[in-house]
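Colleague: Here it is: the structure, laid out below.
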Amino acid sequence: MLLSALSGLLLSAAFEPLALWWIAPIALAIEMFALTRNERKYLSVLIFALTFNLGLLHWTSIYVGSVPWIILAFGLSIFYLPLVAVKRLGISFFPLIFIVLEEIRNRFPFQGFGWARIAYSQADAPYAKIAAHGGAVALSAITVLIALFLFGLTQKQLRILILLPLLLIFQPMHVNTNQSINALLIQGNVPQLGLDFNSRATEVFYNHVKDTKKALQDNDKVDFILWPENSVDVDPFRNPEVFDTLNSYKQPLIVGAIVGKGEEVLNTSILWTKDAQNVYVKQHLTPFGEYIPLRSLAGKISPLVNDVRDFSPGNASVVFKIGAAKIAPVICYELLDDQILQQAAKSSNLLTVQTNSATFGDSAESAQQLQITRIRAIEHSRNVLSVSTTGYSAIIDYNGKVLQKSNMGTAQHLYATVGLITSTSPRDRYGDWALVITLIWLLLVARRAYVYRR
């Protein structure tokens with residue numbers, strides 16, 4: 001039981017704020033060892049999963065208290081319990097079962113919550129490039145296979161078949177970049193961190209106006225300006241002063257704004273020019289943040305849910321065209337949605353991520369989200385401009401390398417000259433076959449090891 005708790009804690013240390021990527025396969029190997037030694041396997045798995053999720057997701061308790069955090073961690077931990085099947089099938093089935101469960105959590109319930117995906121701890125791993133070939137699922141899989149390899153060493157077994165996919169990191173990647181674009185990222189900051197970051201109307205907006213003015217005085221040779229999610233904290237179409245201010249810029253802006261449409265409330269990214277506004281509506285909303293599932297039950301757990309008005313989701317991707325740039329906006333939580341990212345990458349030559357981390361204070365949430373963004377950049381072979389109201393904002397290349405990064409909790413701006421990539425990553429060419437091939441490989445490894453053991 002102590003080994004299971006240790007493995008869960010070590011696995012959470014692979015993620016930000018510690019970001020010890022190399023400890024992930026060690027932690028998983030320890031849990032494999034614990035499962036082979038413990039007769040109370042359900043309890044072993046539950047302790048492992050609970051300590052992992054409690055450590056990883058502690059930031060969810062910053063402003064809403066411990067109860068929702070504990071419920072979230074415990075609810076996610078339930079999805080790890082089928083790992084006990086290794087008692088009958090053998091430990092070689094651990095990677096296959098683990099990845100299947102991870103994919104289920106990415107999709108269910110409430111459209112999934114994939115924050116704990118093992119791949120998102122591996123941005124600095126020397127094998128992270130595998131994500132460009134097989135997606136985040138393949139990167140998670142190879143991490144668990146390395147754990148199985150380490151476990152095999154303790155069992156005096158050395159099976160080269162397990163790590164054969166690592167050969168993919170030696171396959172050259174061809175990325176076509178014919179043109180570039182100059183961008184200005186504005187991190188305007190908020191009056192105060194917390195759930196009431198926008199309690200004073202237009203203050204967040206004018207923070208971004210102020211820093212944009214300062215940045216353009218230093219250098220106005222930019223092709224467009226990028227503001228974060230919720231940077232326009234009132235409906236710009238219903239506030240004449242805000243509307244006129246946005247119209248005053250000679251450069252196109254991409255801004256994040258909350259917009260009303262009849263009785264609906266929309267979280268949007270808007271390409272704003274003097275002549276027209278092209279609006280993208282966030283498709284994958286944050287459960288318990290932008291809408292409340294099971295509202296009557298949730299209200300008994302936390303009275304804060306009564307302050308949340310349900311947003312309405314969009315139903316289509318949008319590409320913003322600025323010169324030669326085809327820019328696909330991704331809004332915050334949508335980073336966890338494989339299909340949205342695939343569609344965005346295939347229709348664009350540059351990705352932007354707009355997020356608002358003010359509601360999580362100075363916790364590890366923003367750093368963990370940046371790690372997710374880095375993996376998505378590798379997976380889809382796209383340069384990414386990521387901008388937050390409070391930080392971290394960053395410029396990330398298609399190798400997942402952070403070229404520039406802001407500080408937390410300050411008003412800052414970043415200038416970027418980024419390449420417009422026209423080629424498609426192998427993962428996006430394969431589409432859903434990347435997942436299928438990964439699962440087939442895990443099944444092959446498990447089956448071969450099972451036959452060998454018999």
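The values are calculated or read from the model by the stated rules, or taken from the named source; none is laboratory data. This is a predicted model, so every value here is computed, not measured. Neighbour counts run over all protein chains shown; Cβ positions are idealised from the backbone, glycine included. Surface accessibility is based on the protein's heavy atoms, side chains included, excluding ligands, DNA and RNA. Shrake-Rupley method; radii C 1.70, N 1.55, O 1.52, S 1.80 Å.
Colleague: Hey, which of these cross-link pairs are over 31 Å Cα-Cα: 213/326; 250/405; 41/129; 129/214; 261/401; 213/346?
Modeller: The answer is 41/129; 129/214; 261/401; 213/346.
Colleague: Between the helical axis of 130-154 and the dominant principal axis of the chain, each derived from Cα atoms, what acute angle in degrees is found, rounded to the nearest 10?
Modeller: Approximately 30 degrees, to the nearest 10.
Colleague: Hey, another quick one. Could you give the angle, 0 to 90 degrees to the nearest 10, between helix 23-37's Cα long axis and the longest principal axis of the Cα atoms of the chain?
Modeller: Here the helix axis deviates by roughly 40 degrees.
Colleague: Name the shape class, rounded, prolate or oblate, that the alpha-carbon gyration tensor gives for segment 346-454, where a ≥ b ≥ c are the square roots of its eigenvalues, rounded holds for a/c under 1.5, and otherwise prolate holds if a/b is larger than b/c and oblate otherwise. All intermediate terms of the calculation are to be shown ahead of the outcome.
Modeller: Values: a/c = 3.50, a/b = 1.80, b/c = 1.94.
Oblate, because a/c is 1.5 or more while a/b does not exceed b/c.
Colleague: If you count only protein heavy atoms with a 1.4 Å probe, what accessible area per residue comes out for the chain, rounded to a whole Å²? Please list the in-between numbers first.
Modeller: Details: 19140 Å² over 454 residues.
Heavy-atom SASA per residue in the chain reads 42 Å².
Colleague: With an 8 Å cut-off on Cα pairs and a minimum separation of 6 or more residues, tell me the relative contact order of the chain in percent. Please list the in-between numbers first.
Modeller: Working: 919 pairs, mean separation 83.7, N = 454.
Computed value for the chain: 18 percent relative contact order.
Colleague: Between segment 220-273 and segment 88-148, what is the separation of their alpha carbon centroids in Å?
Modeller: Comparing the Cα centres of segment 220-273 and segment 88-148, I get a distance of 37 Å.
Colleague: Pull up the cross-link candidates among the aspartates and glutamates for residue 282, meaning alpha carbon to alpha carbon under 14 Å and not fewer than 8 places away within one chain.
Modeller: Straight-line reach from residue 282, under 14 Å: 229, 264, 290, 310, 334, 337.
Colleague: As an exercise, use a Förster radius of 22 Å and the Cβ-Cβ distance of residue 324 and residue 346 to find the FRET efficiency, rounded to the nearest 0.05.
Modeller: On the way: r = 17 Å, r/R0 = 0.79.
Here the calculated transfer efficiency is 0.80.
Colleague: Using a 1.4 Å probe and counting only protein heavy atoms, arrange 62, 378 so the residue with the most accessible area comes first. Write out the running numbers ahead of the final one.
Modeller: On the way: 62 75, 378 10 Å².
Heavy-atom accessible area, descending, gives 62, 378.
Colleague: Sort 408, 1 by heavy-atom solvent-accessible area, probe 1.4 angstrom, most to least.
Modeller: Numbers: 408 45, 1 75 Å².
Largest to smallest exposure gives the sequence 1, 408.
Colleague: Express the relative contact order of segment 1-156 as a whole percentage, based on alpha carbon pairs under 8 Å and six or more residues apart in sequence. All intermediate terms of the calculation are to be shown ahead of the outcome.
Modeller: Numbers: 198 pairs, mean separation 41.7, N = 156.
It rounds to 27 percent for segment 1-156.
Colleague: Here is a follow-up. Can you give me the solvent accessible area of residue 103 with a 1.4 Å probe, rounded to the nearest 10 Å²?
Modeller: For residue 103, the solvent-accessible surface is approximately 10 Å².
Colleague: Within segment 345-425, what whole-number % of the accessible surface is contributed by carbon and sulfur, with the 1.4 Å probe and all protein chains included in the calculation? Provide the component values of the computation, followed by the final result.
Modeller: Values: 930 of 2090 Å².
Ligands and nucleic acids excluded, carbon and sulfur reach 45 percent.
Colleague: Let me check something: with ligands and nucleic acids excluded, how do 69, 22 order by accessible area (1.4 Å probe), largest to smallest? Don't skip to the end; give the middle numbers.
Modeller: Numbers: 69 40, 22 120 Å².
Descending accessible area places them as 22, 69.
Colleague: Then there is this: Ignoring ligands and nucleic acids, what accessible area does residue 67 show with a 1.4 Å probe (Å², nearest 10)?
Modeller: Roll a 1.4 Å probe over it and residue 67 shows about 80 Å².
Colleague: By how many degrees, 0 to 90 and rounded to 10, does the Cα axis of helix 365-380 deviate from the longest principal axis of the chain?
Modeller: Computed tilt is about 80 degrees.
Colleague: Using only C-alpha positions, report the orientation-averaged shadow area of the convex hull of the chain, nm², one decimal.
Modeller: Values: hull surface 84.2 nm².
The number I arrive at for the chain is 21.1 nm².
Colleague: When DSSP beta bridges are limited to those with both residues in segment 242-366, what percentage is antiparallel, rounded to the nearest 5? Can you show the working numbers first?
Modeller: Working: 17 of 23 bridges.
Around 75 percent of the beta bridges assigned by DSSP in segment 242-366 are antiparallel ones.
Colleague: As a test, work out the antiparallel percent of DSSP beta bridges whose residues both lie in the chain, rounded to the nearest 5. Please list the in-between numbers first.
Modeller: Details: 33 of 50 bridges.
Looking only at bridges with both residues in the chain, the antiparallel portion is about 65 percent.
Colleague: As a test question: what accessible area, to the nearest 10 Å², does residue 333 have when a 1.4 Å probe is rolled over all protein chains in place?
Modeller: Spelled out: residue 333, probe radius 1.4 Å, area about 20 Å².
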